[in-house]
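A short worksheet on the structure shown next.
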């Protein structure tokens, strides 16, 4: 009889006896890091030896600082430039060749990290390009996997030499077909707290000074508090009954700016986001990152509004097209969308990935030498 341990969803999972997995993430926001931490935790619970590395540590100092420090100001203050960069990377040209060169700089260190691994997984797109190149050259001989944390696929997320591309939702798996890679929807990588919140809805609301019966919108702007958040708050407050809770992340200035309105609760960095989602009626997001994934896991209806440039708008389009999260334009459409998703029967119970899907199980299958079951020809699972 195989040994079992408690799984992240509360059930039992087989305990893998041995096996080494390298997870490569990046300290760029929280989405890539959060997914890597959760995957590592789930695999360790299954008895797997896991090492987590930061792709930026494999780069020269200048490249590391550019990727780590210029992301937020470019998105916030030069969105047109960021959009140009995002779309420019979809095609061969000087920009794409520059990024490919950056990824090549990381190859020696990533190759060294992977030397003792049985499987290598990444949650960061540029690391996926490094892994794909190393796999293509035969410098990594073990299976490689990329877990897409964004709803929209992108040329930097997909590499033909990476063995397995995993996604949160079926919609993303279908979108990845544009890049000629096969992918598989395996569900979210976020804490079990989002499916089993501890605190009661009423207690959380009382702690925030929110009425028990009023509809509540939770705004997420990522760990850096990016985007047109003040305008989003103003547009939401045109709803006559809505109360608004804003996750400002580490943006203290944004928190001070928003904290003056009595219908708004502006919060800094929080570790109890699962409880906050349990107390809310709808998530309003602008990027499609970790908070959106957490909302899907929690069964909290989501709306994309005033998305940030580049991947934010690309994610919004995929989510809207798939019916996962509407993308309203303007205050009137936003208020209508809030009332619609809150009042839609069954939306909280919808799941956008196959029943029982778990990214850790997909990695463990590969670790055991069992390729994940492919999607039917011409379709993504």
Inset, instruction - Of all residues in the stretch 2-38, count the ones that are at pLDDT below 95 and either within 15 Å of the chain's Cα centre (by Cα) or at positive phi (or both). - result: 11
Legend entry - Residue list for the stretch 46-63, restricted to those being without any contact (Cβ under 8 Å) to a residue 60 or more places away in the chain and surrounded by fewer than 20 Cβ atoms within 10 Å (Cβ to Cβ): 47, 49, 52, 54, 57, 60, 61, 62, 63
Legend entry - Meets criteria (over 25 Å from residue 359 (Cα atoms), without any contact (Cβ under 8 Å) to a residue 60 or more places away in the chain and surrounded by fewer than 15 Cβ atoms within 10 Å (Cβ to Cβ)) for residue 78: yes
Inset, instruction - Could you list, in sequence order, all residues of the stretch 329-351 that are assigned to a loop (DSSP other than H, G, I, E, B) and either modelled with pLDDT under 95 or not assigned by TED's automatic domain parsing to the domain that holds residue 282 (or both)? - result: 344, 345, 346, 350, 351
Legend entry - Filter result for residue 41 (outside any strand (DSSP E or B), surrounded by fewer than 20 Cβ atoms within 10 Å (Cβ to Cβ) and modelled with pLDDT of 85 or more): yes
Legend entry - Residues located in the stretch 309-326, provided they are surrounded by 19 or more Cβ atoms within 10 Å (Cβ to Cβ) and more than 26 Å from residue 213 (Cα to Cα): 309, 310, 311, 312, 313, 314, 315, 316, 318, 319
Inset, instruction - Read through the list (1) outside any helix (DSSP H, G or I); (2) within 20 Å of the chain's Cα centre (by Cα), then give the number of the only condition that residue 244 fails. - result: (2)
Legend entry - Residues of the stretch 163-180 that turn out to be surrounded by fewer than 24 Cβ atoms within 10 Å (Cβ to Cβ), in contact (Cβ under 8 Å) with a residue 24 or more places away in the chain and part of a loop (DSSP other than H, G, I, E, B), as a count: 1
Inset, instruction - Test residue 308 against the stated conditions and say whether it is touching a strand residue (DSSP E or B) at 6+ places or on another chain (Cβ under 7 Å) and either in a helix (DSSP H, G or I) or closer than 27 Å to residue 176 by Cα (or both). - result: no
Inset, instruction - Could you grab me the full set of residues in the stretch 215-233 that are without any contact (Cβ under 8 Å) to a residue 60 or more places away in the chain and assigned to a helix (DSSP H, G or I)? - result: 229, 230, 233
Inset, instruction - Return yes when residue 32 is in contact with a strand residue (DSSP E or B) (Cβ under 9 Å, 6 or more places away or on another chain) and either in the same structural domain as residue 308 (by TED's automatic domain parsing) or within 21 Å of residue 158 (Cα to Cα) (or both) and no when it is not. - result: yes
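The values are calculated or read from the model by the stated rules, or taken from the named source; none is laboratory data. As the structure is a computational prediction, the values presented were derived from the model and not from experiment. All Cβ positions, glycine included, derive from the backbone under ideal geometry; neighbour counts span all protein chains shown.
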